[in-house]
Amino acid sequence: MSVRRLRRKVVSSLFVGFCAASVLLALIPLVVILFFVMSRGLQSLNVSFFTEMPKPVGEPGGGMANAIVGTLIVAGLGSLFAVPIGILSGVYTSEYAGTRLASAIRFAADTLNGVPSIVIGVFVYGIAVLPFKQFSAIAGGLALGIMMIPIVARTTEELLLLVPTSMREGALALGATRARAVFSVVLPAALPGIITGCVLALARISGETAPLLFTSLNNRFFSTALTQPISSLTVQIYSYATTAYEDWHRQAWAGALVLVAIVLVCSILARYATRRLEGLVRG
Amino acid sequence: MKKDLGFRIGTGVFGLLLILVVVGIGFELTRQSLLSIQKFGLNFWRTEIWDPVAGEFGAFPFIWGTLYSSILALLIAAPIAIGIAVFIAELCPARLKQPLVFLTELLAAIPSVVYGLWGIFVLVPTVRSLETSLPDSIRAWALFKGPPVGLGMLAAGLILAIMVIPFTASIAREVLKSVPIAQREAAYALGATRFEAISAALFYARTGIVGAVMLGFGRALGETMAVTMVIGNTPQARVSLFAPQYTMAAVIANEFSEAADELYLHALIEIGLVLFIITLIVNSLSRLLIWTMGHGARKAAAPAAEPQAAAA
Amino acid sequence: MKKILLVFGCVVGLVGGLAAQTMKITGAGATFPYPIYSKWFAEYNKLHSNVEINYQSLGSGAGIQQLRAQTVFFGATDGPMTSQQLQDAPGRILHFPTVLGAVVPIFNIPNVKTELKFTGQVLADIYLGKITKWNDPALTKLNTGVTLPGSDITVVHRSEGSGTTYIWVDYLSKISPEFKSKVGVNTSVNWPTGVGGKGNESVSGLVSQTPGSIGYVELIYALQNKISYGSVQNMAGEFSSATVASVTAAAAAAAAQMPADFRVSITNAPGKGVYPISSFTWILLYEAPKDKAQAKVMMDFMKWALTDGQKFAPELGYAPLPEAVVKLEMAALAKLKLT
């Protein structure tokens, strides 16, 4: 084997090695972070964590019951706002794909996707908190919803485009209006994927903190009132993490564990459910 | 048909709503920062002073901090992300593919505040011990000057890198998938090694790869929580990796709710506007690059670049 | 899927409806009194279970700003509002002192657990960046029995608008003209040096985790987190530690000459046994609040806090208000326009 050929082989092996090493390198922080979250979180996870409210400053004990419920509420509000807008936008951009409006919508969706979450929080503070002189769960939900819209819209559009045109044409050939064709035939076919997209978007925004800082604020008490400030896991973890109280640190890790678990469960469920639903729709 | 028109308008309205939100954000940001824009003009981008007491506001330290931390993150993350993308797309055995994809997505799914939590209690002390263990001769260099606080640019850059890797990796993987298989086959047929064939594919996909890296950059620019928990929150522009600094997103998160006078508030919102514009430009550019690449790939597969084999 | 949503909606609506019976008041502001306020609101909630006062410790600056924007019902601050701020507010805002507290210099030096002695001048120079090492002669002269290391001093301050900062810089500016001109007195200042933490909570967190650091926090944060803090030389020349007694002594002179709007600084107070970095902390209320129902409840709470609530102060490291001040406040509270 000539020297040149040997050199090329060595370079290639080094390259392959580098790529494999990159994978390992990326997995290391993942394993380390999950390890810390699980070990420190499990230590402080007990029944009272899920049933009690935060205690006054300096008193040990208490829990994050209000924060867990709060996260579910603002995430729920966000989806309520984002899912209709996202899906219907996606329907438009897939059905009228060549129009200028569709291109504008697509560009806007991509832009919105890249807007930093803190900027969205500032925006929602200006339009939903200041005019009403009230921090509220609704404002928090609005901020999270705005972040969800582009994800839902893009997923819907992509999946609708994937549905074979034969299905659409079949429905139209049978005399259906465009609306009927889309809502009765095309959309249901793409539904499993769209639901996955929504659940994944939900999982993603459940972990957001910045947009909630000036919108839903935080609340010591258990509250489900939509026009009042509400607690959330992310904001609570953030406020505990930066203090010096050991007990609060432990609770922050426990909160992180719950949060990661929610996100994980959502992601896994979404993927698993897609496969089942796809089978159902087809069958 | 009338019913079709109703459908078109009905769904179009929601699309318009989306556009309205984006335009609304830009409009609100500009409107709420007018006082600051009028007073400081373009100097705002260059002034280093951030003094709420004297009413002197300059965004330079934050722009510096944002760019420095994001570029640092990119330098670390880009090679690793591309390596991951290449591995999953080209090199790994079929049964490892799904698990690896799942694991990279897992890394992306971890919430920012959890990264920050881990950053405060694990990463920062590690960086601190790293700082103290460096010999004094190296500590004298501008890049490593400063007391060993642990909080600072290095911690921020590392955390951002970890957060950006899965993002860039998955997009790079998509980009690589769209390279026509004929490219690689031609290379292998001519006797290329793994490296050479993949290089050819990477070269072909270069605009897309650059786009993927830039999208990661855009993501790093806007990251708030993890950064503010480890960067030290000090408005100073420093070269040292160990110096505590500040980013645009972090200063807004910290000081927004208390900006007590109009000018202060408007200055902060102007920073938000600057951030909005910068991320808009970076993201648009990167999507343009990715689109161009995809567009080129959809055309007839052009002959591959001469396999490096011939050049070697 | 639809059924689940329906049930969820019903539950939320039901609970929301029930919740309407509860009186919810939101306030924001200083982290300095957060430990005692959170105790008070919890205790008050035990006595009146339908009253939930949700206090967010965002910092004095945020308390003032959000009160002006009227997104919260009351604010809390340890740095009194300036005349300009009062003028810019949409309505007349009144200050009500609630407790007395102390700001202490905390430090973290490995192997040094004794109480270090500081003077105002030394602290000012550290925060100006003029003294940079722990074994600087100015420090070793004051603490002759202690071996101070040659390591760098990491200065920690607040990153956001803070009443605690106000108290700290108010004191340092009274001692050091250079500090006054370079840094000034405000809730948010241009720090010449150091690292920023958000809230008393964060400063105590940073100092306890960073060897060689110095910071300033309200006394209770140092006590609860077991962080070493130093004594400061008062006007009488003594090195005074922050205690309930020394803080009460600081307020003695002021209590006799309290201005009508209760805005007064008691840092560097003259006299023996005085802790020089003491301060009142205030709750801010509109004179004519819009929500009368909330206002009534708030006034009732204030009356409780100024009388029964004061007994919680000493165990949390705060000093109760002097009797004379409480009397004046009760009279001022009665003047709130509640109808």
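The values are calculated or read from the model by the stated rules, or taken from the named source; none is laboratory data. Everything quoted here is computed from the prediction, not taken from an experiment. Here the Cβ is made from the backbone with ideal geometry for all residues, glycine too, and neighbour counts use every protein chain on show. Heads up: the accessible areas ignore ligands, DNA and RNA and are worked out on the full protein's heavy atoms, side chains in. Shrake-Rupley method; radii C 1.70, N 1.55, O 1.52, S 1.80 Å.
When the Gaussian network model of chain B links Cα atoms closer than 10 Å, the mean-square fluctuations of B:17, B:273, B:190 top out at B:17. Charge tally around residue B:266: other residues with Cβ under 14 Å, Lys/Arg +1 each, Asp/Glu -1 each, net -4.
Farthest toward the positive end of the dipole of chain B, out of B:272, B:93, B:209, is the Cα of B:93, where the dipole comes from beta carbon charges about the Cα centre. Compactness of segment A:2-44 was expressed as the Cα radius of gyration divided by 2.2 N^0.38 Å, which yields 2.03.
Count the net charge of all other residues whose Cβ sits under 13 Å from the Cβ of residue C:256, scoring Lys and Arg as +1 and Asp and Glu as -1. Net charge in that neighbourhood comes out at 0. Averaging the Cα positions of each part gives two centres, and for segment B:184-255 and segment A:1-61 these lie 19 Å apart.
In debye, nearest 20: dipole of segment A:138-283 around its Cα centre with unit charges on the Cβ of K, R (+) and D, E (-)?
Details: 11 positive and 7 negative charges, 85 e Å.
It works out to roughly 400 debye.
Relative contact order (percent) for segment A:51-282, with alpha-carbon contacts under 8 angstrom and 6 or more residues of separation? Mind showing how you got there, number by number?
Working: 351 pairs, mean separation 64.3, N = 232.
Value for segment A:51-282: 28 percent.
Report the A-C buried area as the accessible area lost on both sides summed, probe 1.4 Å, in Å² to the nearest 100. The summed interface area works out to 2600 Å². Pairing chain B with chain A buries about 6600 Å² of accessible area. This figure sums both sides and uses a 1.4 Å probe.
Residue C:227 contributes about 20 Å² of solvent-accessible surface, heavy atoms of the protein only, 1.4 Å probe.
What would the Debye equation give as log₁₀ I(q)/I(0) for segment B:174-262 at q = 0.23 Å⁻¹, counting only Cα atoms as equal point scatterers? Scattering profile of segment B:174-262, log10 relative to I(0): -1.07.
Please compute the per residue accessible area over segment A:51-282 with all protein chains in place, 1.4 Å probe, rounded to a whole number of Å². Before the final figure, lay out the partial values.
Details: 8030 Å² over 232 residues.
About 35 Å² of surface per residue is accessible.
When the charge dipole of the protein assembly as shown is built from unit charges on Cβ atoms (+1 for Lys and Arg, -1 for Asp and Glu) and taken about the Cα centre, the candidate among B:107, C:40, C:109 whose Cα reaches farthest toward its positive end is B:107.
Take the alpha carbon atoms of segment C:107-227, find their radius of gyration, then divide it by 2.2 N^0.38 Å using N residues; give the quotient. Intermediate values should be presented prior to the final figure.
Values: Rg = 13.6 Å, N = 121, 2.2 N^0.38 = 13.6 Å.
Here the Cα radius of gyration is 1.00 times the empirical estimate.
The equivalent ellipsoid that matches the C-alpha gyration tensor of segment A:51-282 spans semi-axes of 39, 20, 13 angstrom, in descending order.
Between A:66, A:113, A:218, find the one with the highest GNM mean-square fluctuation for chain A; connect C-alpha pairs within less than 10 Å. Among A:66, A:113, A:218, the largest GNM mean-square fluctuation belongs to A:113. Note that chain B shows a convex hull volume over its alpha carbon atoms of 209 Å³ per residue. Solvent-accessible area of residue B:45, all protein chains in place: 100 Å² (probe radius 1.4 Å, heavy atoms, ligands and nucleic acids excluded).
Accessible area of residue C:291 (1.4 Å probe, protein heavy atoms only, ligands and nucleic acids ignored): about 60 Å².
Each principal axis of segment B:127-192 carries a Cα extent, and these read 56, 26, 18 Å when sorted largest first. Leaving out ligands, DNA and RNA, and with a 1.4 Å probe, what % of the accessible surface on segment B:45-149 is carbon or sulfur? Solvent-exposed carbon and sulfur of segment B:45-149 make up 70 percent of the total.
In this simple spin-label model, placing a label point 7 Å from the Cα along the Cα-to-Cβ direction at both residue C:338 and residue B:145 gives a separation of 6.1 nm. Residues of segment B:251-292 that bury at least 30 Å² of accessible area once all protein chains are present, compared with their chain alone (1.4 Å probe, heavy atoms only, ligands and nucleic acids left out), are B:252, B:253, B:254, B:256, B:257, B:258, B:260, B:276, B:280, B:283, B:287.
Remark: mean inter-chain Cβ contacts per residue of A:51-57 equal 5, using a 10 Å Cβ-Cβ cutoff to other protein chain atoms.
When the chain is fully extended, how far beyond the present Cα-Cα distance does residue B:27 get from residue B:136, taking 0.36 nm per residue of separation?
Numbers: separation 109, 0.36 × 109 = 39.24 nm, distance 5.11 nm.
34.1 nm is the gain from fully extending residue B:27 to residue B:136.
Pairs of Lys residues in segment C:107-227, spaced 8 or more positions apart or belonging to different chains, with C-alpha separations under 15 angstrom: 6 in total.
Computed on protein heavy atoms with a 1.4 Å probe, what is the summed buried accessible area for the chain pair C and B, in Å² to the nearest 100? Please list the in-between numbers first.
Details: alone 14750 and 16660 Å², together 29540 Å².
Between C and B, the summed buried area is about 1900 Å².
Remark: spin-label model distance residue A:276-residue B:263 equals 6.2 nm, labels positioned 7 Å along the Cα→Cβ axis. Shielding of peptide C:189-198 by partners, expressed as the average count of other chain Cβ atoms within 10 Å per residue Cβ, is 6.
Farthest towards the positive end of the charge dipole of the protein assembly as shown, among the residues B:169, C:171, C:131, is the Cα of B:169, using unit charges on the Cβ of Lys, Arg, Asp and Glu.
With charges set only on the Cβ (+1 for Lys and Arg, -1 for Asp and Glu), what does the dipole of segment B:1-104 come to about its Cα centre, in debye to the nearest 20? Intermediate results must be reported in sequence, preceding the final value.
On the way: 8 positive and 6 negative charges, 122 e Å.
I would put it at about 580 debye.
Shown is the FRET efficiency for residue C:182 and residue C:82, computed with R0 = 25 Å from the Cβ-Cβ distance and rounded to the nearest 0.05: 0.80.
At an R0 of 56 angstrom, the distance between the Cβ atoms of residue B:34 and residue B:190 translates into a FRET efficiency of 0.35. Scaled to the globular estimate 2.2 N^0.38 Å, the Cα spread of the protein assembly as shown, given as radius of gyration, is 1.00.
In percent, what relative contact order does segment A:1-151 have, based on Cα pairs under 8 Å that are 6 or more apart in sequence? Walk me through the numbers before you get to the answer.
Working: 102 pairs, mean separation 36.3, N = 151.
Worked out over segment A:1-151, it gives 24 percent.
Placing a label point 7 Å from the Cα of residue C:89 along the Cα-to-Cβ direction, the residues of segment C:243-266 whose backbone N falls under 12 Å from that point are C:261-263. Within the accessible surface of segment C:107-227, defined with a 1.4 Å probe on protein heavy atoms only, the carbon and sulfur portion equals 51 percent. The residues of segment A:2-44 have, on average, 62 Å² of accessible surface per residue, using a 1.4 Å probe with all protein chains present.
In the context of the full set of protein chains, residues of chain C present 37 Å² of accessible surface per residue (probe radius 1.4 Å, heavy atoms only).
If each residue of separation counts as 0.36 nm, what is the full-extension length gain between residue A:162 and residue A:14 once their alpha-carbon separation is subtracted? Please list the in-between numbers first.
Numbers: separation 148, 0.36 × 148 = 53.28 nm, distance 3.96 nm.
Contour length minus the Cα-Cα distance gives 49.3 nm.
Surface composition of chain A: carbon and sulfur make up 69 percent of the accessible area, probe 1.4 Å.
Computed from the alpha carbon positions, the gyration tensor of segment C:60-159 leads to an equivalent ellipsoid with semi-axes of 40, 14, 12 Å, biggest first. Label point of residue B:129 set 7 angstrom out along Cα-Cβ; within segment C:202-246, amide nitrogens under 17 Å from it belong to C:209-212. Per-residue shielding of A:122-130, expressed as the average number of other chain Cβ atoms within 10 Å of the residue Cβ, stands at 6. Placing unit charges on the Cβ atoms only, positive for Lys and Arg and negative for Asp and Glu, gives the protein assembly as shown a dipole magnitude near 2500 debye about its Cα centre. Each Cα pair under 8 Å and six or more residues apart adds its sequence gap; the mean of these over the residue count of chain C is a relative contact order of 23 percent.
Scanning residues 5 or more positions from residue C:79 or on other chains, those with amide H under 5 Å from its amide H are C:163, with H placed 1.01 Å from N in the peptide plane.
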